[in-house]
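Here the structure is laid out as structure tokens; the discussion comes afterwards.
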Amino acid sequence: MKKWIVIVVFLPLFVHAQQESGAWFCHQKKINNRTKPLDKSNNYKHTFDILHYNLELDIFDCYIEPYPQSFSATNTILLKADSVINFIELNAVNTSFIIDSILPSNFTFIHENDILKINFNSTLNIDDSVSLKIYYRHKDVFDEAFYVAKGRLFTDCEPEGARCWFPCWDKPNDKATIELKAKVPTNVVLGSIGTLQDSIVIQDTLYYHWKSRDPVATYLMSITSSINYKLDIVNWNPHYNPSQIVPIRFYYHEGENVQNIKSKIEDMADFFSALYGPHPFEKNGFATVDTLFNWGGMENQTLTTLCKNCWTDLLTVHEFAHQWFGDMITCATWADVWLNEGFATYSEALWVENTQGYLSYKNHLQYNANYYLNNNPGWAISEEDWAYNTPDMMDLFNYSITYMKASTILHMLRYVVGDELFFQSIKSYALSPDFRYNSAKIPDFFNVVEEVTGENLHWFMEQWIFKPNHPKYIVDFFANYSENNIIVDVEVAQSQSHETFYQMPVELLFRFDNGSDTIIKVWNTENNQMYSFTFESMPVEFVFDPNNEILLKNLTTNVSLGINNKSENIELEVLPLPFDNELVMVVSIASAEKVNLQIVDLMGKIIHQKELSLDSGKNIIKINSNNFPKGVYILNLHNSKYKINRKIIKG
């Protein structure tokens, strides 16, 4: 008598307060800036390299009622030619500012269609450099990049808002150092990226001078300021260099409680610098702004912007981790945004593991996976077109894909390669001189992982990063009595409608009535793959992926206990046992059939496979096994009617 048990697994929604997720806040902030200009110019390949920006801004009147958004400024740019050129084109939004003049005076310019074209008076050869100075005025307009309100002023640029407040080449793969000088009233506290060089008071005016030591992507360049800002500084002594002092600055407003994060920031800094390598910058900091920045945080290099009173643990962790992944190593194009948001979101889970244990880490990631599974919009983490045409914010920063799915993929990579090699790979990537203070593409990261692990992981990247959706598993367990043993056949199938097959190592759990468990890991490398195992007693429970390491999946499990009716009308004899250079199968079958033959090793690796056309009655099939290594194999014959297996040994 055959007994079937059908188990459909709906993954549980673990309790995990969405409002506490740093990724949720980060996502909300970014999708609420949907009117920012998006570049469709397909100009990632440019002909020059900007080395340095020197901005001088007169923003004094912005802090005085009626708080205009207009200001005058200069931008001195040092650039180097990557090819033979006699002009450059910069991003400069026409509705945001006016270009007055350019030095040298014999340089001519045209400012139209949000592009500033500057014509040189001579030709630059490769590696020639030139310095030019742009005089411009920002209009009294709201452009969702330069914000002014009631004595507060800040910038917010991701993905391409820097072009609204200074002329620049506004793509993430061209990083440059920057100096920023700002003229403000004396009651204004102003923070920016890099280190404060000086702040000089002359009568009623305060002159700030900030300078970055390290290159910065334009979308990470920022100002954050306010009248009567509060400023606290925590001087962190890194564990890797106790004599060093890294100031971590906290800008906030009256009534905000910053003490919780101030008390934890050194632990966070120690944790991530141990995990990812030394803190990348000469300082760090966080600054809350007003209600014009309604949600979350923005990981501006060395000075993260936060929403008002948003001093929460996981938001701070998320933005802090961006200093390594996003700021120090920046996505080369928006098609590579996984290297920013996937890593920062996964860092939240690592912080949870560090502070609350591994079970909490898994619950945290299970929530992420469930959110994706319930809200999957159906596109890949990396879309090729995003490298050339900047997508809408709702697509680029989609919570299900760019944050939730992205974070779980790093856990699955950890599962595939193991903890030691995984964390070694992450640190090697962060410390790589090719990418540190530079930009990277997704294959660059996987090249590092492959170098560390010695494994080819191209398949992992292709299926999880560049293909949409996820596997839908149907797993059949057939448990049958055979003489004095129990033989359990397992068939692993994937039923997703799209073409992608997801190969993964999978764990199979067999639980017995004496309380013991056996977990066997096999490689699932093709659809409808068969595995066979022999036990002394009948398992009482069968579980596919018992530790839920493959976080992104739907799963249906079928269990058949007793006689396997699928093999009632077929007989199989294998000769000789053990076999050597030739294996002979004698197959008796009631009617002519086509059946699939598979010979697999105990890890599920297919050694030999073939479709057989069998006649009714007795069939003799000979297999050349000269190239089979010595060992134990499982021979499977199966089609829609039949399923039979034998354990065979090559001596």
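Just so it is clear, none of the values below were taken in a lab; they were calculated from the coordinates. Just so it is clear, the structure is predicted and the values come from calculations on it, not from any experiment. Backbone-built Cβ (ideal geometry, glycine too); neighbour counts: all protein chains shown.
Structure summary
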read-out: Contact order relative to length of the chain, as percent, for alpha carbon pairs under 8 angstrom and 6 or more apart; value: 12 percent
read-out: Rg over Rh [alpha-carbon atoms, Kirkwood Rh] for region 384-523; value: 1.07
read-out: Ranked list, fewest to most other Cβ atoms within 10 Å of each Cβ, for W386, W379; value: W379, W386
read-out: Prolate/oblate/rounded label for the chain (Cα gyration tensor, a/c 1.5); value: prolate
read-out: Dimensionless Rg ratio for region 531-651, taking C-alpha atoms and the 2.2 N^0.38 Å reference; value: 1.18
read-out: At q = 0.12, 0.20, 0.21 Å⁻¹, base-10 log of I(q)/I(0) for region 277-422 (Debye sum, equal scatterers on each alpha carbon); value: -0.52, -1.42, -1.49
read-out: Whether region 117-206 is rounded, prolate or oblate, judged on the alpha carbon gyration tensor where a/c under 1.5 counts as rounded; value: prolate
read-out: Ascending count of other beta-carbon atoms within 10 Å, so fewest first, for E254, E491, E319; value: E254, E491, E319
read-out: Helix-derived mean residue ellipticity, 222 nm - over the chain, DSSP H n ≥ 4, -39500 (n - 2.57), to 500; value: -6000 deg cm²/dmol
read-out: Top positive-direction residue, dipole computed over the chain with Cβ charges, set N456, A335, S192; value: N456
read-out: Region 45-228 shape via C-alpha gyration tensor axes, a/c threshold 1.5; value: prolate
read-out: Derived scalar couplings ³J(HN,Hα) [region 539-554; Karplus, 6.51 cos²θ - 1.76 cosθ + 1.60; whole Hz; x for Gly, Pro]; value: x, 9, 8, 10, 9, 8, 6, x, 9, 6, 6, 8, 5, 9, 6, 10
